[in-house]
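Readers should treat all values here as calculations from the given coordinates under stated rules, not as data from a laboratory. Everything numeric in this text was worked out from a predicted model, so none of it was measured. Every residue, glycine among them, receives a Cβ derived from its backbone with ideal geometry; neighbour counts consider all protein chains shown.
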């Protein structure tokens with residue numbers, strides 16, 4: 001949009017509203033800021049959840065707990081010499097009895113050695129299905 005077109009728009013809006021041009025510009029800035037903030041705080045979290053998938057949703061909304069690794073089995077190699085591991089866990093939710101669950105984790109090469117029997121990690125537990133557990137590696 002060229003400056004001339006923008007100037008004509010602001011001038012017509014100011015005349016129609018009976019306000020000064022600076023006032024119309026300030027109202028426009030406030031409106032754009034309001035729309036941005038509304039999007040950022042109302043719609044962005046929903047969008048992040050939908051784009052991130054089920055694991056991201058569990059990490060953001062799941063119940064906290066701890067899990068002890070009972071068994072770690074290598075499923076596949078991943079980029080940068082990391083490993084995808086299938087873990088058998090003893091899950092201890094903050095509320096309720098302990099139980100066993102399985103989880104997959106993509107372990108970076110520098111962390112693979114930490115995923116051994118007896119290791120304890122913080123987890124998030126799905127509110128909808130407690131068998132779905134995600135290791136909360138950012139919470140360590």
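A few remarks follow.
- Modelled label positions at residue 110 and residue 60, each set 7 Å beyond Cα in the direction of Cβ, lie 2.8 nm from each other.
- The GNM of the chain, with springs linking C-alpha atoms under 10 angstrom apart, assigns the highest mean-square fluctuation among 69, 25, 125 to 25.
- Mean-square fluctuations from a GNM of the chain, with a 10 angstrom spring cutoff on Cα atoms, peak among 24, 75, 123 at 24.
- Legend: P(r) of segment 64-140 from all alpha carbon pair distances, 5 Å bins from 0, whole percents, reading 3, 17, 29, 25, 15, 7, 2, 0.
- Estimated distance in nm for a label pair at residue 40 and residue 3, the labels positioned 7 Å out from Cα along Cα-to-Cβ: 2.9 nm
- Over the chain, relative contact order from alpha-carbon pairs under 8 Å, at least 6 apart, %: 20 percent
- Over the chain, dividing the summed -39,500 (n - 2.57) contributions of all DSSP H runs of at least 4 residues by the number of residues returns a 222 nm mean residue ellipticity of -12000 deg cm²/dmol.
- Translational diffusion coefficient (Stokes-Einstein; Kirkwood radius from C-alpha pairs) of the chain at 10 °C, 1.306 mPa s, in µm²/s: 84 µm²/s
- Rounded to the nearest 10 degrees, the angle from helix 21-38 to the longest Cα principal axis of the chain is 20 degrees.
- Nearest 10 degrees, 0 to 90: helix 44-61 Cα axis against the chain principal axis: 10 degrees
- Result for the chain in a Gaussian network model with C-alpha springs under 10 Å: among 31, 72, 109, the largest mean-square fluctuation is at 31.
- Proxy reagent accessibility, fewest Cβ within 10 Å first, across 136, 113: 113, 136
- Potential lengthening between residue 21 and residue 86 on full extension [0.36 nm per residue; Cα-Cα distance subtracted]: 17.0 nm
- The chain: angle of helix 3-17 to the longest principal axis, Cα-based, in degrees nearest 10: 70 degrees
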